[in-house]
Amino acid sequence: MSGHAAMDPGGALAVLREHRASGDVVITSMGSAREWMAMGPLDPLDFVFVPSSMGQAPSLALGIALAQPRRRVFACNGDGSMLMNLGALVTISAQSPRNLVLIVFDNGVYEVTGAQPTPGSALGRPDRRGVDFAEIARACGWPSVFYFDELDEWRDAASEAIASPGPVFIALDVAPVPGAVGPKSPGPTVERARKFSEALRQTNR
Amino acid sequence: MFSGEQVAALFADLGVTHVVTVPDSTIGKWGDAIARASDMHLVRVCREGEAWAVAAGLHFGGARPLVLIQCTGLFESGDSLRNVLHDWKLPIFSVIGYRSFLNQETLPGDTCLVFSEPVLDAWKIEYKLIRSESQIGTIREHYRACLAAGKPGAVLIAEGNA
C-alpha cells in the first residue's frame, strides 16, 4: 500500500503496453500519461486525458465501456486522482461493465505538484497505515481485484488479471518519480477529441 | 411538472441513448420510466461531476447521452463540466432541476435562485427556462438546435420542492 512503493512506474506501465491488444482503448492521466507518452508513438485509441478534470479518468472510461461493450477499455489512474473520485468505484460496479480494466498507480503522493503526501498514503496519516485501494474496490463489489507491489509479480500475473471477469481493478504500488513534472498535452485538445472519437466509431465492434 | 412517461418519451424521441443522473425530488421521479424505456439506459452516478465524464465517454463511443441533475449538482460539477464542455468541446446536453423556483416553502431564501442562472451564464451554456408543462416543445426545440449546432445546451426545469 501507499508508503512502501516498490515498482518503477514506467516499468509497471510497460507491462500494460505489452498486453494491450489491437482495438483496446488506453486512457492515461497525470503521471501515467507522462510515462505512456514517453514510451513511444500514441495509438489512435490512446486517450491522453490531459488536460483533465482530476479524478474523472475512470468515469470517462465507464462511458466508453458502456457505449462500446465489446471493446476493452483500460483506465490508468493515480492514487490522488482515485481519492478525488472514489464514488466512481461504486458507480462502475453498479454498471458492472465486463470490458473495463482500472489500474491505479499508487505512489502515495501528488507527484506533479511536488510529491506532497495524499491523505490516503501512509505518510499522510497519523497511524502510518496507507489506504488499501484493493480492499475498497472489493468492498464496492468489483468482481476481480488485484494488488501487486513487485514488478515481476505484476508482469507474471498481468495476462490472467486483465482477462478476469470485469470490471477489473488492479492496484500497483509504484515509486514516485523524483522531480517529476506534470504531463504536457500532446496536441490541441479539440482536435484530439475529434480524432479519438472517430477512431472509436470507425472501429466499433 | 412532467411525468416520467412524458420525459422518457421525449428523450426517446430525441434519440437519447443514456441518461446519466443524480436524482432530486422532482427529476428523481422520472428515473423509473426512463429505466423502463427500451433503447435508453439510465446510468446512476454518485456525484454530478462524474456525470459529465461518463457522458463524455459515451459521446466519444458514439452514444447520445444526456445529463440529468439538480442545480446544486450543477454547482458541484464545475471542473468536470469545464473539462468536457470547454476543453474538449463536447456537445453534451443537460436537463437541470431548478430548486425552489416555483416556491420556497421548503427552503425559504434558497440561494439556488441566486446562483443557478449566473452559473450557467458563467459556464457559457445556452439554456432555456421551463416554467410549465406547456413548454415541453421548448425542450425539444432547444435540444435539436444545440445538436444541429454541435454545442452544449441545457434546460432549467422549474421545481417547487427541495
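The values are calculated or read from the model by the stated rules, or taken from the named source; none is laboratory data. Note that the coordinates shown come from a computational prediction; the quantities given were computed from them, not determined experimentally. Note that each Cβ is placed from the backbone with ideal geometry, even for glycine, and that neighbours are counted across all protein chains shown. We work out accessible area using only protein heavy atoms, side chains counted, and drop any ligands, DNA or RNA first. Shrake-Rupley method; radii C 1.70, N 1.55, O 1.52, S 1.80 Å.
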Exercise. Which FRET efficiency value, to the nearest 0.05, do you get for residue A:6 and residue B:25 by plugging their Cβ-Cβ distance into 1/(1 + (r/R0)^6) with R0 = 45 Å?
Worked result: 0.40
For this session: Excluding residue B:17 itself, calculate the net charge of residues whose Cβ lies under 10 Å from the Cβ of residue B:17, where each Lys or Arg counts +1 and each Asp or Glu counts -1.
Result: 0
Exercise. Using r as the Cβ-Cβ distance of residue B:107 and residue A:152, and R0 as 56 Å, what FRET efficiency do you calculate, to the nearest 0.05?
Worked result: 0.45
Problem set entry | Carbon/sulfur fraction of accessible area - chain A, other protein chains in place, 1.4 Å, % | 55 percent
Exercise. What FRET efficiency do you get for residue A:138 and residue A:175 if R0 is 25 Å and r is their Cβ-Cβ distance, rounded to the nearest 0.05?
Worked result: 0.50
For this session: Among the GluC sites (Glu not before Pro) in segment B:50-134, which ones are in a DSSP loop with at most 12 other Cβ atoms within 10 Å of the Cβ? Mind listing them?
Result: B:105
Problem set entry | Size of segment A:9-200 as Cα extents on the principal axes (Å, biggest first) | 49, 35, 31
Seminar exercise, completed: Per-residue ellipticity at 222 nm attributable to helices in chain B (runs of n ≥ 4 DSSP H, -39500 (n - 2.57) apiece, nearest 500 deg cm²/dmol) works out to -12000 deg cm²/dmol
For this session: Within segment A:97-205, list the GluC sites (Glu not before Pro) lying in a DSSP loop whose Cβ has at most 14 other Cβ atoms in a 10 Å radius.
Result: A:150
Exercise. For segment B:4-158, what is the convex hull (Cα atoms) projected area averaged across all directions, in square nanometres?
Worked result: 8.2 nm²
For this session: Consider a paramagnetic label point 7 Å from the Cα of residue A:129 along Cα→Cβ; state which residues of segment A:78-122 have an amide N under 17 Å from it.
Result: A:119-122
For this session: List the lysines whose Cα lies under 19 Å from the Cα of residue B:128, skipping any in the same chain that are fewer than 8 positions away.
Result: B:151
Problem set entry | Helix-only mean residue ellipticity at 222 nm for chain A, each DSSP H run of n ≥ 4 adding -39500 (n - 2.57), per residue, nearest 500 | -11500 deg cm²/dmol
Exercise. Size of the dipole of the protein assembly as shown about the Cα centre, Lys and Arg at +1 and Asp and Glu at -1 on the beta carbon, nothing else charged, in debye to 20?
Worked result: 980 debye
Problem set entry | Rg followed by Dmax, in Å, when the protein assembly as shown is reduced to its Cα trace | 20.8, 65
For this session: With a ≥ b ≥ c taken as the square roots of the eigenvalues of the C-alpha gyration tensor of segment A:105-199, please select rounded if a/c is under 1.5 and otherwise prolate if a/b is larger than b/c or oblate if it is not?
Result: oblate
For this session: Return a whole-number percent for the relative contact order of segment B:39-84, with Cα pairs under 8 Å and 6 or more residues apart as the contact set.
Result: 50 percent
For this session: Taking the Cα centre of segment B:4-158 as origin, work out the dipole magnitude from +1 charges on Lys and Arg Cβ and -1 charges on Asp and Glu Cβ, in debye rounded to 20.
Result: 320 debye
For this session: Quick one: go through segment B:87-113 and flag any residue whose amide nitrogen is under 16 Å from the point 7 Å out along the Cα-to-Cβ line of residue B:132.
Result: B:102-103
Exercise. Gain in length, residue A:190 to residue A:203, computed as 0.36 nm per residue apart minus the alpha-carbon separation, to one decimal in nm?
Worked result: 2.7 nm
For this session: Using DSSP to define loop residues, name the trypsin sites (Lys or Arg not before Pro) in segment A:1-74 whose beta-carbon has at most 11 other beta-carbon atoms within 10 Å.
Result: A:70
Exercise. What size of dipole, in debye to the nearest 20, comes out for chain A about its Cα centre when the only charges are +1 on Lys and Arg C-beta atoms and -1 on Asp and Glu C-beta atoms?
Worked result: 900 debye
For this session: Can you work out the accessible area per residue across the protein assembly as shown, with the rest of the protein chains kept in place, probe 1.4 Å, in square angstrom?
Result: 40 Å²
